[in-house]
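These notes are about the structure you will find just below.
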Amino acid sequence: RLWVSREGRIEGDGGREEREGGGGESVRREREVLVVVRREKEVMVRREREVVVSERFREERERERGDGEEREGGGGESLLAYLKVASFGAYLLSRNILTVSFAPKDTHEAQVQFALERGVPALIGIMATTRLPYPSKSFDMAHCSRCLIPWGRYVDRILRPGGYWILSGPPINWEAHWKGWGRSKEDLSSEQSTIEAVAKSLCWKKVRQRGDIAVWQKPTNHIHCKKNRRVFKKPQFCQAQDPDLAWYNKMEPCLTPLPPVSKITETAGGQLPKWPARLTAVPPRVYSGNLEGITPDVFTKDTTLWKKRLAYYKSLNNELNDAGRYRNILDMNAYLGGFAAALVNDPVWVMNVVPVEAKVNTLGVVFERGLIGTCKFEDILLEMDRILRPEGCVIFRDDIDVLVKVKNNIEEMQWNSVIFDHEDGPLQREKIMVAVKQYWTAPAPQQTAS
């Protein structure tokens, strides 16, 4: 058997084992690690090629539109990618594009953990009967490589008006690869025809196919799409549903309608500014008045308030000032995403959580700011303990009576914690508690004499 050395040479097991004194087991483990590393490098190269093609396509679209038309999105746009080993998302982070890698629950738990350990946003979920855990119009772009899921029914609701869907791998460019894929021309041609038909039924326009990559674009509004329902009988538009509901909501075989517009050139739901102005600009969901109690003034004050709060947190926990100490951050009651917005210049990413029992679903606002999030979580302390790494930090902010109760609970979970005064002084009932999960192991079981 052959293996790849650290220097890139292909050598035989026998010679290597002889040089290392017959350490066959160690050689086997080393060979497995090297194979994984080699495959990971190959995936990175392929993802970089896909990004280059995608960027060339985007540049061409910019030239076609002309200099006078402002493109929606830009650097910092959010992107949903079907997870393999998250190399695509990792590469895009260097381009200031925040990518969420998503994987089905059945076989990809280890890959999601791998992505998170790399410091790349990733989620796992059910991809058969329930909606993806995001509000409508969440992502500027979605990508799937060697996609094995019925993507159309999942992606359309969460793709923004004018957003792009990128598909790479089989059956795209099957004419050049059908022999290597071990499939017949007829099978691959039929599969691609089905994909094209589904895209047309969703009113998507195919804007480019180059090499092994194809790109479709969702319409900016549904004026024409409503008219062509006379041709495409299915899917019909969904009736009387909240398009932003995600967790615990069943999939429906219907097309989520975009907000109404008055003219064909208008973007449904409102035009988003380019990044980074998008982060602090009042989101369309706020200035439309559809969120009870949340006005542009409330949004602006919340953004300013969290800048002040973050500065105070960093004075309480000096490790927050240590670049690289923290990477994956979870805001478990995100509201409008102000905490994540305040951290935008730090080398971290924040998963914003809006509890399902919240009075107002503000997760759509989080995504319109160019941030990412989800909605969930029950049994909050136990769930936090499960997903928090050893020596990870949690910052609680609540009434002093609540914090005292929480402190008693987390001390039983082997956490250390300290309660601090509010940034406005000790007379405020709201306090801040900084807790650290300790690294500990259970004692070894006692050995009984035989």
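Brief remarks follow.
- Of all residues in segment 109-148, those satisfying the criterion of being over 29 Å from Gln241 (Cβ atoms), in a loop (DSSP other than H, G, I, E, B) and not small (Gly, Ala, Ser) are Arg118, Val120, Arg146.
- Here segment 247-259 is the region considered, the condition is being under 23 Å from Ala199 (Cβ atoms) and of a type outside the set (Asp, Glu), and the residue that is most open to solvent (accessible area, probe 1.4 Å) is Pro253.
- Within the set Tyr287, Tyr326, the sole residue that is within 19 Å of Val434 (Cα to Cα) and either surrounded by fewer than 16 Cβ atoms within 10 Å (Cβ to Cβ) or touching a residue at least 40 places away in the same chain (Cβ under 8 Å) (or both) turns out to be Tyr326.
- Against the criterion of being farther than 19 Å from Leu258 by Cα and at pLDDT 90 or above, Ala142 does not qualify.
- Selection of first residues in segment 290-306 that are closer than 14 Å to Tyr335 by Cβ and of a type outside the set (Phe, Trp, Tyr) and of second residues that are assigned to a loop (DSSP other than H, G, I, E, B) and open to solvent by 60 Å² or more (accessible area, probe 1.4 Å), restricted to Cβ pairs under 8 Å at least 6 apart or on distinct chains, gives the following pairs, ordered by first then second residue: Glu292/Lys359; Asp302/Tyr335.
- Top-ranked residue in segment 204-219 [being out of contact with any Gly (no Cβ under 8 Å at 6 or more places or on another chain) and buried (at least 19 other Cβ atoms within 10 Å of the Cβ); ranked as farthest from His143 (Cα to Cα)]: Trp204
- In segment 113-131, residue nearest to Glu191 (Cα to Cα) [restricted to those that are at pLDDT 85 or above and open to solvent by less than 40 Å² (accessible area, probe 1.4 Å)]: Arg131
- Residue match in segment 301-319 (condition: over 28 Å from Lys431 (Cβ atoms), within 27 Å of the chain's Cα centre (by Cα) and surrounded by 13 or more Cβ atoms within 10 Å (Cβ to Cβ)): no
Every residue, every condition in (1) closer than 20 Å to Ala334 by Cα; (2) within 34 Å of the chain's Cα centre (by Cα), yes or no:
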| position | (1), (2) |
| --- | --- |
| Phe396 | yes, yes |
| Asn409 | no, yes |
| Arg429 | no, no |
| Val434 | yes, yes |
| Thr441 | no, yes |
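- Residues in segment 382-436 that are assigned to a strand (DSSP E or B), open to solvent by 40 Å² or more (accessible area, probe 1.4 Å) and under 17 Å from Arg327 (Cα atoms): Ile395, Val436.
- Residue match in segment 321-330 (condition: part of a helix (DSSP H, G or I) and closer than 21 Å to Gly392 by Cα): yes
- Hey, Tyr335 in contact (Cβ under 8 Å) with a residue 12 or more places away in the chain, closer than 23 Å to Gly119 by Cα and not in a helix (DSSP H, G or I) or not: no
- Any hit, segment 132-150, residues being open to solvent by 10 Å² or more (accessible area, probe 1.4 Å) and hydroxyl-bearing (Ser, Thr, Tyr): no
- Across segment 78-97, the qualifying residues are those that are closer than 16 Å to Gly162 by Cβ and open to solvent by less than 10 Å² (accessible area, probe 1.4 Å), and the one among them that is modelled with the highest pLDDT is Leu79.
- Taking each residue of segment 252-266 that is assigned to a loop (DSSP other than H, G, I, E, B) and looking for partners that are charged (D, E, K, R) with beta-carbon atoms closer than 7 Å, six or more apart or interchain, yields Thr256/Asp156; Thr256/Arg157.
- Selection within segment 353-368: residues that are part of a loop (DSSP other than H, G, I, E, B) and not hydroxyl-bearing (Ser, Thr, Tyr). The member of this set that is least open to solvent (accessible area, probe 1.4 Å) is Val354.
- Flag for Ser189 being open to solvent by less than 60 Å² (accessible area, probe 1.4 Å) and either touching a Gly at 6+ places or on another chain (Cβ under 7 Å) or among the polar types (S, T, N, Q) (or both): yes
- The residues of segment 220-237 that are in a loop (DSSP other than H, G, I, E, B) and surrounded by 15 or more Cβ atoms within 10 Å (Cβ to Cβ), listed by number, are Thr220, Asn221, His222, Phe232, Pro235.
- Considering residues of segment 156-172 that are within 19 Å of Thr220 (Cα to Cα) and open to solvent by 10 Å² or more (accessible area, probe 1.4 Å) only, the residue farthest from the chain's Cα centre (by Cα): Gly162
- Boolean, Val344 is more than 27 Å from Leu93 (Cβ to Cβ) and in contact with a Pro (Cβ under 8 Å, 6 or more places away or on another chain): no
- Considering Glu383, Glu319, Glu391, the condition of being within 29 Å of Asp244 (Cβ to Cβ) and of a type outside the set (Val, Ile, Thr) is satisfied by Glu383 alone.
- Filtered residues of segment 160-174 (kept if out of contact with any strand residue (DSSP E or B) (no Cβ under 6 Å at 6 or more places or on another chain) and at negative phi): Pro161, Pro170, Pro171, Trp174
- Only one entry in Ala240, Ala199 is open to solvent by 70 Å² or more (accessible area, probe 1.4 Å) and among the hydrophobic types (A, V, I, L, M, F, W, C), namely Ala240.
The values are calculated or read from the model by the stated rules, or taken from the named source; none is laboratory data. Quick caveat, the model's predicted, so the values are computed rather than measured. Every residue, glycine among them, receives a Cβ derived from its backbone with ideal geometry; neighbour counts consider all protein chains shown. Heads up: the accessible areas ignore ligands, DNA and RNA and are worked out on the full protein's heavy atoms, side chains in. Shrake-Rupley method; radii C 1.70, N 1.55, O 1.52, S 1.80 Å.
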